[in-house]
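Q: Please find one structure pasted underneath; my questions will follow.
The values are calculated or read from the model by the stated rules, or taken from the named source; none is laboratory data. No experiment lies behind these values; they were computed from the predicted model shown. Please note: Cβ atoms are built from the backbone with ideal geometry, for glycine as well, and neighbour counts cover all protein chains shown. Heads up: the accessible areas ignore ligands, DNA and RNA and are worked out on the full protein's heavy atoms, side chains in. Shrake-Rupley method; radii C 1.70, N 1.55, O 1.52, S 1.80 Å.
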Amino acid sequence: TIPLITVDLLPGITDVYQDQSRPNYNLANCRNLKGNPVVVLIFIDDNESHWTKEEVTTFTQEHILVGLDYLEKNARKWGVDLDFTIESYSTALSGYKIKYEGTVNRNLYNGGSTKDVLDKAAQDIGCDSNWELYSYYKAKYPKDDIIFLNFLNKSGKSYTRHSISTGYLAYSEHCVIFADYLGSSPNERKNGSRASTVAHEILHLFGAEDYYTSVSRESLANQKYPNDIMLWQYDDIEDNLIGDCTAFSVGWTNVPPDVCFDPQWWQ
């Protein structure tokens, strides 16, 4: 039996002002990557894959916690206090049946992202929608930002859904993260190799952008930020850096870097 969650729905977030220097910063519900954000881990089964108890535990310890620790350490380098609080749901460990009835698309370039992953998970947890689940957590942690990470135990291209791109005001931003790179298998998964993806997608939620969105931007990034986590995600997360542009884009510094004034960066 799913325990129904009774909660007062929060009003939708209507401010959509975009700073030209960091157009995805300080929008919707993921705004402050500092303090004590709450990370809600949701391990989702679908028609192609499922999670066992051992897999949930191992993936959390070897990949998720490593990625969160990396962000906490790098925030401190920028003089920012960051200490995550973690909540977790899975069929294997939490007593809920969390299954996407269907198949979550593995490849963004072949049909686009599956849009209702968090909605379906919220219903399995006892809410009507992703916004009701967000409202529940915001009532529980009123001073903290809420981060929803949805995990599929199969290969695929991970992605982040921003509310500004959906057209809905009552919509919770979230990430969908695949346990393996697109085209790879669990046998190729190394200890910690998905930690950089976890960190990369969380940074997306708070305003960081990919550095490979255009030839001109990628060229500049290879010159100025060759090891930045928004350009590459290395198997060993410690090989990644968080440069001044990424730090600026998530609000760890308010000093815009030189690339923000370079037209090639925005082409």
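Q: Does the stretch 42-53 contain at least one residue that is loosely packed, with under 12 Cβ neighbours inside 10 Å, at pLDDT 95 or above and among the charged types (D, E, K, R)?
A: yes
Q: When residues of the stretch 57-78 are filtered for being within 19 Å of Phe248 (Cα to Cα) and open to solvent by 50 Å² or more (accessible area, probe 1.4 Å), how many remain?
A: Selection size over the stretch 57-78: 4.
Q: Now, a different point. Hey, among the residues in the stretch 124-160 that are assigned to a strand (DSSP E or B) and touching a Cys at 6+ places or on another chain (Cβ under 6 Å), which one's surrounded by the most Cβ atoms within 10 Å (Cβ to Cβ)?
A: Per the stated criteria, the residue is Leu149.
Q: Considering only residues of the stretch 185-222 that are farther than 13 Å from Tyr70 by Cβ and β-branched (Val, Ile, Thr), which is most open to solvent (accessible area, probe 1.4 Å)?
A: In this case the residue turns out to be Val215.
Q: Could you tell me which residue of the stretch 137-195 is nearest to Leu27 (Cα to Cα), considering only residues that are among the small types (Gly, Ala, Ser) and touching a helix residue (DSSP H, G or I) at 6+ places or on another chain (Cβ under 8 Å)?
A: Going through the qualifying residues, I end up with Ser172.
Q: Let me ask another. Exactly one of (1) in contact with a Leu (Cβ under 8 Å, 6 or more places away or on another chain); (2) open to solvent by less than 20 Å² (accessible area, probe 1.4 Å); (3) on the phi < 0 side of the Ramachandran plot is unmet by Tyr225. Its number?
A: Unmet condition: (2).
Q: Hey, can you tell me all the residues within the stretch 161-202 that are within 25 Å of Ile242 (Cβ to Cβ), in a helix (DSSP H, G or I), at pLDDT below 95 and not polar (S, T, N, Q)?
A: Selection gives Ile164 alone.
Q: Of all residues being polar (S, T, N, Q) and more than 24 Å from Thr246 (Cβ to Cβ) in the stretch 1-27, which is nearest to the chain's Cα centre (by Cα)? Just the residue, please.
A: The extreme case among them is Thr14.
Q: In addition: Considering only residues that are under 12 Å from Trp51 (Cβ atoms) and touching a residue at least 24 places away in the same chain (Cβ under 8 Å), which ones fall in the stretch 80-95?
A: Passing the criteria: Ser88, Tyr89, Ser90, Thr91, Ala92, Leu93.
Q: Quick check on the stretch 231-250. Is at least one of its residues within 22 Å of Leu27 (Cβ to Cβ), open to solvent by 10 Å² or more (accessible area, probe 1.4 Å), in a loop (DSSP other than H, G, I, E, B) and among the β-branched types (Val, Ile, Thr)?
A: yes
Q: Out of everything in the stretch 84-101 that is at pLDDT 95 or above and part of a loop (DSSP other than H, G, I, E, B), what residue ends up being least open to solvent (accessible area, probe 1.4 Å)?
A: Only one residue tops the list, namely Ile98.
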